[in-house]
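All remarks here apply to the structure that follows.
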Amino acid sequence: MRLSQLIVLGVVLGLGVGWWLRRDAGEPVAVAPPAAQPAVAAAPPGGAATPRVDAPAPTAVPPLAADVPAGLLLPVQGIPASQLRDTFTDARSEGRVHDAIDIMADAGTPVLAVADGTVEKLFDSKRGGLTIYQFEPSGRWCYYYAHLQRYADGLAEKQVITRGEVIGYVGSTGNASAEAPHLHFEVHVLGSEKQWWKGESINPYPLLVAKQGDR
């Protein structure tokens, strides 16, 4: 066989072998795309997304002043401290500020003396309804209970009472709504004249929740 024929044969064989090898190489393996990442909620226009809030935050407890009555009992039987809400600065009619805490409870729930002391005055007023003014022994503080349904049996002025004693019952007398019976409770700093209708109001809320927890 001539040299030229051998060269042509070699080229043909080379092309054939290359085609055969490419045919057996198989299809290229598909590469799976990366897993989709979870979508991130877009923030509303003008700022970041606001986190969900399932329940209102509890009322913050104002710090106690240095010169205030300590160890007061929560004055409505069966009501836990966690149920109290600070209403001291709430607005009232005629431009007034509340200056008290309202403790919601069923009508007829016993009202308890917050501390030892003396019944200074039993008074039926247009706004407060049936009320009790209690002086504590030193005469520095006055405790005021209002909207009572009735007084405890036998309660009288100048009577000595003890912490936890039943002195009345929750009601809605005075300007309280019959649909929302509650105890209106105030604490007053008495002046030197020791008059039950005078005194500087201080916030009862931190005094009632301090170190008490639920009862």
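Any read-out appearing in this document is the output of simple, stated calculations on the displayed coordinates, not a laboratory observation. Here the structure is a predicted model, which means the values were calculated and not measured. Quick reminder, even Gly has a Cβ in these numbers, built from the backbone with ideal geometry, and neighbours come from all protein chains shown.
Can you list the GluC sites (Glu not before Pro) in region 157-196 that are in a DSSP coil and have 11 or fewer other beta carbons within 10 angstrom? Could the numbers behind the result be given before it?
Values: sites: GLU157, GLU165, GLU179, GLU186, GLU193; in loops: GLU157, GLU165, GLU179, GLU193.
Sparse-neighbourhood loop GluC sites (Glu not before Pro): GLU179, GLU193.
List, in order, the whole-Hz ³J(HN,Hα) value for each residue of region 182-199 obtained from phi through the Karplus relation with A = 6.51, B = -1.76, C = 1.60 and θ = phi - 60°; use x for Gly and Pro.
6, 9, 8, 10, 10, 10, 10, 8, 7, x, 5, 7, 6, 9, 5, 8, 10, x
Under a crude label model (7 Å from the Cα following the beta-carbon direction), how far is ARG127 from ASP67 in nanometres?
2.6
Counting only residues 5 or more places away or on other chains, whose amide H sits under 5 Å from the amide H of VAL170 once H atoms are built in the peptide plane?
Amide H neighbours of VAL170, under 5 Å, 5+ apart: GLY108, THR109, VAL111, GLN149.
Can you list residues whose amide H is under 5 Å from TRP141's amide H, if they're 5+ apart or on another chain and H is modeled 1.01 Å from N?
Those qualifying (amide H under 5 Å, at least 5 residues apart or on another chain) are GLU136, LEU190.
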